Amino acid sequence: MASEPRPLSPTYIHIKNASVITVDATAGVLSNCDVLLENDAIRATGPNLDVPSDVSLTVIDATNCIVVPGFVNGHHHLWQHLIRGVSTDWSLFDYLVSIRSLYGSVYTADDVELAYYAGALDLLNNGVTCILEHSHIINSPEHADAAIRGLKKLAQRVRDARRVREVHFTNNNPAEELLTFGIAPTEPESQPLDETVRQILLSRDLGARITTMHVAMGPYDTAHQEVVQHLANEHILGPDLVFSHGASLTDSELDSIRSTGAGVVSTPDTELQMGMGFPVAFRATDKGCNACLGLDITSNQGNDFMTQMRLALQVQRAVDNQGGLPLAIRRKTAEVLRMGTLGGAEVLRVDHLVGSIAVGKKADLVIFRCDDISTLPVHDPTATVIFHTSSANIDTVIVNGRIVKKDGRLVGADWPSVRSAVLSQSERIKAQAAKVDLGAARAKWLEVFFSATVMLTATRSSVDFCVYRLDLHMKIVLILRVVVRK
Ligand SMILES: [Zn+2]
């Protein structure tokens, strides 16, 4: 799966006269600014840029537009795109019972491929150009292949992880490949600590670029194992480890995350709803950690990344405002935009490639058209993006120098056929899920949940409803390339 060969003559995109939020500490926000893209990279920024003559050129008049780096989503489960909205009144316990033991068990490989494809289209539509996908639907090798197919068109157990790495990811370099390989170990809070250590070492042996796991989920952290502390004590933390959620991470654990360059991902919508505690992202950045935001599950909320950024900011402000008369607001809007772009790139170890608008970086950009009733007037471009926009304002999305959304519409997607497949396959999943004895599943989970001893061994004996395997970090332009070819 090599990247597309570079065209013989360079291709240019000239974005003219925009407000450009670079998310670069030196460059800041630039008004009346052009951005020139050459092939897959940013070639120049500045006013009234010259363009070479006799080249393939696309001009985008970005007057009244705001350009930002593509959003980076640090935690996601794409397979749930076919069961959107089923979990909006659930706790984390309800979620574990129904998603893991019920819906997950009726998904076929075909369902996985379709969900990955449709879900990734929706992410692109929302300006999300880079994600860390934690895939825990790898019920069989066929499910693993289907997930990758869904993304190209857009573990299993160790043996299959090795197969996937060797077959699909011979070159795992994100500078050259849009889709790279990582591992999600078995849930670390449901197995002995030393087993997690063993699986991390195994992930590194397999050449995983990222190893990601759910940890320290607030009140749900019932066993208080302090997984991260254990990994720190074992001197195994490193920049390849990404911890999702983490509301109950201790200060000592955050210090270890900072000093070793590991990353933390908060997913505000699900953490706030499901009882996982208050998002840790700002507490983590206060400590100097790499921290970012994730969308998590589309069985719950949609893929609007601006909503997640706003939610993260406002909840942290509410926490900060407790206990006194807040005459000034400490957290600034630009901080959360950074978290949703460059911060995500740092966590995913691609900040040398994406996350900000700077010459030489990859051309992953989002252009918001801000001349409608919901966005005018623009006094502060950062405020407009975080507080006033939605996917409806996203005019253009560019990934790796390729336009994947144009004039507010996805490019190349055969929406009528995707829509009919999503409708029919999601209906079948719903009907099959309705036949499962939810009471029995719930009783089994309760038994596991309130017995720490059982909890440590349950995953091994209950693999029928615990399917946690491979994950993939990828930039999702691959999906659109295949659509174009269909
Ligand atoms: Zn998750």
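Summary of computed values
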item: Spin-label model distance (nm) - Arg162 vs Gln314, 7 Å beyond Cα toward Cβ; result: 5.1
item: Cα-based radius of gyration of the stretch 227-268 once divided by 2.2 N^0.38 Å, which approximates compact folds; result: 1.04
item: Signed unit charges on C-beta, dipole axis of the chain, positive-most listed residue Ser19, Asn173, Gly323; result: Asn173
item: Assigned charges on the beta-carbon of Lys, Arg, Asp, Glu; the stretch 120-216 dipole about Cα centre (debye); result: 280
item: For the chain, alpha-carbon Rg over 2.2 N^0.38 Å; result: 0.95
item: Exceeding the 21 Å Cα-Cα cut-off - candidates Lys16/Lys405; Lys16/Lys362; Lys332/Lys361; Lys405/Lys430; result: Lys332/Lys361; Lys405/Lys430
item: Values of log10 I(q)/I(0), in the order q = 0.18, 0.19 Å⁻¹, for the stretch 1-134 under a Debye, Cα-only, solvent-free model; result: -1.04, -1.10
item: Packing-based order for 250-257, 218-225, 35-42, using average beta carbon neighbours within 10 Å, highest first; result: 35-42, 250-257, 218-225
item: Shape of the stretch 90-137, Cα gyration tensor, a/c cut at 1.5; result: oblate
item: Simple Cβ-charge dipole of the chain, Lys/Arg +1 and Asp/Glu -1, about Cα centre, in debye nearest 20; result: 680
item: Expected 222 nm ellipticity per residue - DSSP helices of 4 or more, -39500 (n - 2.57), all of the chain, to 500; result: -11000 deg cm²/dmol
item: Share antiparallel - DSSP beta bridges, the chain, percent rounded to 5; result: 55
item: Calculated from backbone phi, Karplus (6.51, -1.76, 1.60) coupling profile of the stretch 267-278 in Hz, x at Gly/Pro; result: 10, x, 4, 6, 5, 5, 6, 8, x, 9, x, 7
item: Residues of type aspartates and glutamates that Lys406 reaches as a straight line, Cα spacing below 19 Å, ignoring anything fewer than 8 places off in the same chain; result: Asp34, Glu38, Asp40, Asp61, Asp122, Asp304, Asp364, Asp371, Asp372, Asp395, Asp414
item: The stretch 216-283 - percent relative contact order, Cα under 8 Å, separation 6 or more; result: 38
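Each value in this text was obtained by applying a stated rule to the coordinates, not by laboratory testing. As the structure is a computational prediction, the values presented were derived from the model and not from experiment. Neighbour counts run over all protein chains shown; Cβ positions are idealised from the backbone, glycine included.
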